[in-house]
């Protein structure tokens with residue numbers, strides 16, 4: 001999924017003009033769109049029926065592995081960084097976190113059920129029983145890994161945020177440094193991150209990045225533009241170095257891919273978070289960009305559904321066939337852009353439908369449910385306290 005900027009040292013995506021309601025900084029929204037396109041390109045490579053490692057060594061193979069496959073990992077960091085940055089500006093409560101999950105669940109459930117029905121009717125060969133069953137509870141059944149991981153992160157966020165604040169400046173920075181050593185510095189060495197105890201997956205990866213981002217925002221002096229460019233540049237240098245090593249090994253028959261372009265690797269975080277900081281310092285306003293950015297998550301849900309992966313990347317747009325076309329890279333990028341535009345328009349229709357139905361009173365049903373549960377919990381506590389008081393009084397009388 002993709003991106004949720006301002007000219008002051010406290011980078012922000014919400015600019016608040018005098019006496020006007022907050023407006024989104026379109027430069028950050030533009031980055032959200034770019035990040036989702038990077039993720040879409042990543043899915044084209046990793047879910048394709050043709051393994052990119054089987055391509056002969058050349059600029060095309062390097063582009064597919066480094067820019068497209070590696071770029072998707074950067075896109076995830078950008079997408080999450082935008083959300084995490086603005087969550088840090090807000091007070092985190094259990095109610096607010098559960099409300100965010102509730103609102104996200106509506107969109108996720110809508111797309112899982114709609115896509116399941118569409119594929120059952122028009123492309124049943126792409127569906128299977130397991131995916132169909134999982135589509136009725138997409139967040140719980142991990143139909144989309146990022147949606148599930150982000151929901152878990154939101155559920156833990158109130159406690160995580162309060163815990164990190166309770167640590168204080170020194171302990172929080174020490175924690176961030178230790179995390180960087182364990183999952184950052186060691187990620188440069190192949191084999192060091194193998195095994196369940198070292199692997200970061202799903203929500204744990206998001207928590208790791210959140211620890212780093214919160215330490216920077218709460219306690220560190222904002223990086224200068226030169227420092228941000230240096231951080232991005234160093235990340236790119238590591239990408240290039242590991243690409244050269246991968247190309248050298250491929251000459252001897254070792255098709256190892258580009259190791260450093262993997263999940264949560266330090267250069268990936270350096271580039272992704274650096275790009276967010278860079279874009280957040282540019283302030284522009286465009287209703288068109290903001291509108292398109294609202295559909296970024298929908299693009300992810302539509303294209304990364306299990307049946308969509310098979311239809312798009314294995315049947316319709318097979319890399320083995322496209323690779324042999326003239327100007328293959330440009331054609332593939334054009335195809336991906338077309339898919340992005342079509343999915344954006346489709347999600348606009350979903351947004352319009354929601355506007356006149358479930359979003360007319362956004363969060364109303366959640367608030368009613370929360371109030372009902374809270375009232376029952378309060379009554380239970382009162383009864384328990386009353387019984388405890390009566391028991392103490394009875395003992396005192398005896």
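Ordering 47, 361 by the number of other Cβ atoms within 10 Å of each residue's own Cβ, fewest first, gives 361, 47. Between residue 181 and residue 361, what is the spin-label point distance in nm, taking each point 7 Å from the Cα along the Cα→C-beta axis? About 5.5 nm, to one decimal. Per residue, the convex hull around the alpha carbon atoms of the stretch 14-362 comes to 162 Å³.
We did not get these values from a lab; they are worked out from the coordinates using the rules stated. Worth saying up front: this structure is predicted, and the values here are computed from it rather than measured. Counting neighbours? That spans all protein chains shown, and the Cβs are built from the backbone with ideal geometry, glycine included.
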